[in-house]
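Scroll down for the structure; my scribbles are underneath it.
The values are calculated or read from the model by the stated rules, or taken from the named source; none is laboratory data. Worth saying up front: this structure is predicted, and the values here are computed from it rather than measured. All Cβ positions, even for glycine, are placed from backbone atoms using ideal geometry, and neighbour counts span all protein chains on display.
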């Protein structure tokens, strides 16, 4: 085994020397044939020559090998036909050279067929590899086109989501402004209702005081009527009429205040209902805005290489508008003072 490896190394070194000495491919193959046959005792074949030299096409070593055997046969024939050799030796040498030639030719043809077979196999393998690479390239281009389309669609979707988010933000701010205005109106109406209640209580107290005063005057009149029956009858009737008128005014005032109170309570309920509706709409818009934000985050995560530097949408500060005005208290009814006669 070491001898074979040494011969192979020596043969490779000699081939390298021949490559440097003979730059032409055909001369290099011819010298390689002589080296193998005469120095190393190896019958040269086209496949072996091509493996050693690795230059030119596959037909070049076959042609050079054929020329080498023709030249060798011619030289051998000259030596065989030398007049000093016996006829038997000339015949035996001729047969030996002919057998060697036939064997070498057959070996060269077999090597050529093997090289052709290997070349066809390599050609088919290369063709299959090229076909596979072309199919892979087509699949890659298709995937690239699909990915490009997906990226474009994602960018369009991001723009739509950002526009929808901006619209939702504007709507949210408008709703919050409307809620603040409604709350201000509700506060103003609550204050007006409380003022109306205070005024109603004060007016009711005054009416009660007037009624009590009227009753006291009536009792005084009755006492004086006992003393002056005839003269006080007319005054008693007049006082009764005044008392009835005062009672009617008190009842009318109480009814009017009750109606105003009910109207204010109805307005307050209506305002609270509208505020609840507006609050529900705001909650719906907040939920929709949250969904938009989640979808936008998912798309930005998918396109991190293209939209990583995109800044988050800034929120504008909310503003409240005070549009409420204090409600004027209802006019107080004028109290008539009864004069005692």
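Table for the structure above
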quantity: Residue within the stretch 289-311 that is closer than 30 Å to residue 185 by Cβ, modelled with pLDDT of 80 or more, assigned by TED's automatic domain parsing to the domain that holds residue 223 and not in a loop (DSSP other than H, G, I, E, B) present; calculated: yes
quantity: Qualifying residue in the stretch 143-150 (condition: closer than 30 Å to residue 286 by Cα and surrounded by 11 or more Cβ atoms within 10 Å (Cβ to Cβ)); calculated: yes
quantity: Test: residue 242 is surrounded by 11 or more Cβ atoms within 10 Å (Cβ to Cβ), farther than 17 Å from residue 194 by Cα, modelled with pLDDT of 85 or more and out of contact with any helix residue (DSSP H, G or I) (no Cβ under 8 Å at 6 or more places or on another chain); calculated: no
quantity: So residue 210, is it surrounded by 16 or more Cβ atoms within 10 Å (Cβ to Cβ), in a helix (DSSP H, G or I) and over 43 Å from the mean Cα position of the chain (by Cα); calculated: yes
quantity: Complete set of residues in the stretch 185-207 that are surrounded by fewer than 16 Cβ atoms within 10 Å (Cβ to Cβ) and either under 55 Å from the mean Cα position of the chain (by Cα) or not assigned by TED's automatic domain parsing to the domain that holds residue 269 (or both); calculated: 187, 190, 191
quantity: Given (1) under 16 Å from residue 72 (Cβ atoms); (2) not in a helix (DSSP H, G or I), index of the condition residue 34 fails; calculated: (2)
quantity: Matching option when the condition is touching a helix residue (DSSP H, G or I) at 6+ places or on another chain (Cβ under 7 Å), modelled with pLDDT of 85 or more and within 30 Å of residue 277 (Cβ to Cβ), among 172, 191, 181, 157; calculated: 172
